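S.K.: Here it is, the structure in full.
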Amino acid sequence: MPRVSININGRTVEREVEARQLLVDFLRSDLGLTGTHVGCDTSQCGACTVRVDGVAVKSCTMLAVQADGRAIATIEGMTGPDGSLHPLQQAFMDCHGLQCGYCTPGMIMSSACLLEEEPAPDDATIEQALQGNLCRCTGYVNIVEAVRVAAATMRER
């Protein structure tokens, strides 16, 4: 079995992985990082979105061996060292940008990539950035508001 070395949330992890194991399964099953959700198994919903070298990637479309030598950020890595919530996490709570919460990790990870590139996005830009993430509960209005609020908070800091 191939051996991988991956920086996950700032920590280097070395493991043997099956050559065909998906990154999402490696994160959830091997590392216990269950915040990354499997929502569809067809790369349609975005619930499994993580950041790979700063880019939003659906982890159900990537093999764990493809992550060798790369930096992966998951929803678990969004909190501060003291456990404080990231402005996106806080805004999703404050703006009611979640209901069942299943899509939320993927929405937050995609939003984090957006805000890194565009610190003051308008609603159309937010909607475009989230087009690969499906929510079956909220209707997106509160999600877009949450990203807008988080962007403002992050600019103030």
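S.K.: Among the residues of the range 117-127, write down those that are loosely packed, with under 12 Cβ neighbours inside 10 Å and closer than 20 Å to residue 90 by Cβ.
M.R.: Answer for the range 117-127, where residues must be loosely packed, with under 12 Cβ neighbours inside 10 Å and closer than 20 Å to residue 90 by Cβ: 119, 120.
S.K.: Now, a different point. Using the structure shown, decide if residue 80 is under 25 Å from residue 115 (Cα atoms) and in contact with a helix residue (DSSP H, G or I) (Cβ under 9 Å, 6 or more places away or on another chain).
M.R.: When the stated conditions are applied, residue 80 does not pass them.
S.K.: For residue 97, work out the one condition from (1) in a loop (DSSP other than H, G, I, E, B); (2) out of contact with any Asp or Glu (no Cβ under 9 Å at 6 or more places or on another chain) it doesn't fulfil.
M.R.: Result: residue 97 fails condition (2) only.
S.K.: Which residues, counting only those in the range 27-55, are free of Cβ contacts under 8 Å to residues at least 60 places away in the same chain and within 15 Å of residue 75 (Cα to Cα)?
M.R.: Answer for the range 27-55, where residues must be free of Cβ contacts under 8 Å to residues at least 60 places away in the same chain and within 15 Å of residue 75 (Cα to Cα): 27, 28, 31, 32, 33, 34, 38, 48, 50, 52, 53, 55.
S.K.: Continuing with this model, one more query. So which strands (runs of 3 or more DSSP E) stay within the range 1-70 end to end and still have 1 or more residues that are small (Gly, Ala, Ser)?
M.R.: Once the strands (runs of 3 or more DSSP E) in the range 1-70 are filtered for at least 1 residues that are small (Gly, Ala, Ser), what remains is 3-8, 55-58.
S.K.: Of 93, 109, which residue is within 22 Å of residue 137 (Cβ to Cβ), exposed (fewer than 14 other Cβ atoms within 10 Å of the Cβ), assigned by TED's automatic domain parsing to the domain that holds residue 135 and aliphatic (A, V, I, L, M)? If you could, list the steps in order and put the result at the bottom.
M.R.: On the way: 109 fails: exposed (fewer than 14 other Cβ atoms within 10 Å of the Cβ).
So the residue among 93, 109 that is within 22 Å of residue 137 (Cβ to Cβ), exposed (fewer than 14 other Cβ atoms within 10 Å of the Cβ), assigned by TED's automatic domain parsing to the domain that holds residue 135 and aliphatic (A, V, I, L, M) is 93.
S.K.: For the range 104-157, which residues satisfy the criterion of being charged (D, E, K, R) and in a loop (DSSP other than H, G, I, E, B)?
M.R.: Within the range 104-157, 118, 122, 136, 157 qualify.
The values are calculated or read from the model by the stated rules, or taken from the named source; none is laboratory data. Nothing here was measured: the structure is a model prediction, and the numbers come from that model. FYI the Cβ positions are ideal-geometry reconstructions off the backbone, even for glycines, and counts take in every protein chain you see.
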